[in-house]
Amino acid sequence: MKILYLASIMSNKSFNRAFEKTKLKPGNSGQKYHQLFCQGLSCNIQEKITVVSQPPIDYFSILHSESDQYINYRYTPIIPIPIIKQFISFFFTFFYVLDWVIRNHNEKKVIICSITRIYNCIPAILIGKLLRIKLALIACDIPRLTFTQKTTEKLPNKVKLGIQISEMFSSSFDMFIFLTEAMNSVLNKKNRPYIVVEGFCDTNMSNFENCLENKFDKKVIVYAGGLYIKYGIETLIKAFVELDYPNSELWLYGTGDIKQENYDSISNVKFKGVKLNTEVIKNEIKASLLVNPRFTNEEYTKYSFPSKLIEYMSTGTFTITTKLPGIPNEYFKYCGTFDEESVVGYKNVLNNYLSMDKAILHERGLESKRFVLTEKNNIKQAQRVYNFIDKNI
């Protein structure tokens with residue numbers, strides 16, 4: 001089976017270059033999710049996956065194509081002017097998809113699209129419907145909740161239009177790949193085949209050893225992700241400040257609406273900014289605890305699986321998370337949980353695990369790593385998707 005994959009990603013080499021070049025940093029989470037998915041699919045079909053991508057950059061680019069071990073990339077040119085940028089992306093995507101279809105006209109094939117770039121999906125939908133090629137949609141988010149989950153500000157009209165278009169065209173797909181079961185009732189209005197795959201563990205994490213003797217001298221708690229008040233970050237900071245551990249630090253990676261200057265006087269709360277995923281992982285391995293304090297009362301949490309959870313667990317450092325409804329229960333066997341989402345609740349749980357015997361806490365972290373590497377690795381998860389698609393085309 002031939003697979004064409006549409007998503008806004010780049011080779012790791014180009015992504016790292018773009019990350020250093022631009023002030024508006026491309027997102028690590030989307031890059032990593034789609035990279036791991038494509039790598040897993042490539043291992044299952046034993047050939048490279050073709051990816052058509054509008055690169056996640058905000059500067060002029062005519063980069064055409066490149067390859068790595070698993071993926072052949074075909075990039076649409078970028079002219080960072082609204083409307084022109086989308087038009088060019090639409091045109092080149094249409095051309096690339098049609099070219100791929102013609103070259104593989106005698107093959108069994110499928111086109112997989114990410115919902116996050118719907119105007120890139122539209123050319124694939126047109127060609128797919130015209131030539132009767134099966135289409136699969138990857139939904140990592142519910143479009144109308146992508147922005148509102150972070151802020152209470154009113155959405156711009158162009159964002160509202162994009163949301164409406166995304167949800168309208170989602171009904172054009174023949175099958176769906178969801179992060180959570182709850183997504184199905186929202187996006188799969190015609191009750192077509194779907195599969196739930198919450199995320200992917202990088203098989204390469206088996207090469208990164210987590211040793212107790214290599215941990216930071218201080219008790220370091222790490223959070224990596226959006227620094228938004230609605231994500232519980234302010235509550236986490238207040239809880240940390242009240243801890244009884246003077247030789248400890250809270251490291252926060254990412255950006256958001258939290259005002260860093262409000263915490264400049266707190267010397268052991270470190271705002272690390274947006275860093276490459278490789279740097280973050282190195283420090284997650286050396287930390288004492290990894291935390292996800294996201295509140296569970298928001299509507300979007302039913303449709304969301306935090307990609308950082310699998311990454312956290314894959315490092316071998318013990319992880320504490322809230323019981324988000326989008327997280328399957330099997331994960332909670334290997335994680336600590338914030339059961340009371342308040343300053344006192346977070347403080348008590350952090351105190352409990354920081355006071356635990358280091359060796360016991362370390363072993364529990366390694367158990368979580370074995371779980372995700374065995375059960376949630378990107379090759380095994382992609383095989384589930386491959387078998388699902390193969391059955392439905």
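The values are calculated or read from the model by the stated rules, or taken from the named source; none is laboratory data. Quantities reported herein were computed from a predicted structural model and do not represent experimental measurements. So basically every Cβ, Gly included, is an ideal-geometry build from the backbone, and we count neighbours across all protein chains shown. Ligands, DNA and RNA are stripped out before the accessible areas are found, and what is left, the full protein with its side chains, is counted by its heavy atoms. Shrake-Rupley method; radii C 1.70, N 1.55, O 1.52, S 1.80 Å.
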Between Ile102 and Asn262, how many nm apart are label points set 7 Å from Cα along the C-beta direction?
5.7 nm
Lysine pairs meeting the criterion (Cα under 15 Å, 8 or more apart or interchain), as found in region 276-393:
11
With the dipole of region 264-383 worked out from charges on the C-beta (+1 for Lys and Arg, -1 for Asp and Glu) around the Cα centre, which of Asn297, Gly273, Val343 lies farthest toward the positive end?
Gly273
Long-range HN-HN contacts of Thr337 with modeled amide H, under 5 Å
Thr321
Alpha carbons only, please: Rg and Dmax for region 311-393, in angstrom.
16.1, 54
Quick one: what are the phi-derived ³J(HN,Hα) couplings along region 346-361, Karplus 6.51/-1.76/1.60 with θ = phi - 60°, whole Hz, x for glycine and proline?
5, 4, 5, 5, 4, 4, 4, 7, 5, 8, 6, 3, 4, 5, 5, 4
Can you compute the modelled spin-label distance between Arg370 and Ile79, with each label point 7 Å from Cα toward Cβ, in nm?
5.8 nm
Whole-Hz Karplus couplings 3J(HN,Hα) for region 272-283, θ = phi - 60° and coefficients 6.51, -1.76, 1.60, Gly and Pro as x, run 8, x, 8, 10, 4, 4, 4, 5, 4, 4, 4, 7
Among Glu341, Glu209, Glu249, which one moves the most in a GNM of the chain with springs linking Cα atoms closer than 10 Å?
Glu209
Test item: Cα-centred dipole of the chain, Lys/Arg +1 and Asp/Glu -1 on Cβ, debye
1240 debye
Regression test value, accessible area per residue of the chain, probe 1.4 Å, units Å², expected 46 Å²
Cα gyration tensor of the chain, axes a ≥ b ≥ c as square roots of the eigenvalues: rounded (a/c below 1.5), prolate (a/b > b/c) or oblate?
prolate
Long-range amide H contacts for Val269: which residues qualify at under 5 Å (H placed 1.01 Å from N, peptide plane, sequence gap of 5 or more or a different chain)?
Leu250
Pull the list of the chain cysteines that no other Cys approaches to under 4.7 Å, Cβ to Cβ.
Cys38, Cys43, Cys140, Cys201, Cys211, Cys335
Sum up the lysine pairs in region 13-151 that clear both bars: alpha-carbon distance under 23 Å and a spacing of 8 or more or different chains.
21
Name the shape class, rounded, prolate or oblate, that the alpha-carbon gyration tensor gives for region 192-324, where a ≥ b ≥ c are the square roots of its eigenvalues, rounded holds for a/c under 1.5, and otherwise prolate holds if a/b is larger than b/c and oblate otherwise.
oblate
Give me the percent of the accessible area of region 43-119 that comes from carbon and sulfur atoms, probe 1.4 Å, all protein chains in place.
63 percent
For Cys113, residues with placed amide H under 5 Å, excluding near neighbours:
Leu6, Ala136, Leu137, Ile138
Quick one: Karplus J couplings for region 318-332, per residue in order, coefficients 6.51, -1.76, 1.60, θ = phi - 60°, nearest Hz, x for Gly and Pro?
4, 10, 10, 9, 6, 8, 4, x, x, 8, x, 4, 4, 5, 5
List the aspartates and glutamates whose Cα lies under 12 Å from the Cα of Lys190, skipping any in the same chain that are fewer than 8 positions away.
Asp174
What is region 1-150 by shape, rounded, prolate or oblate, if you read a ≥ b ≥ c off the alpha carbon gyration tensor as root eigenvalues and call it rounded for a/c under 1.5, prolate for a/b larger than b/c, and oblate otherwise?
rounded
Roll a 1.4 angstrom probe over the protein heavy atoms and tell me the percent of accessible area of region 225-354 that is carbon or sulfur.
45 percent
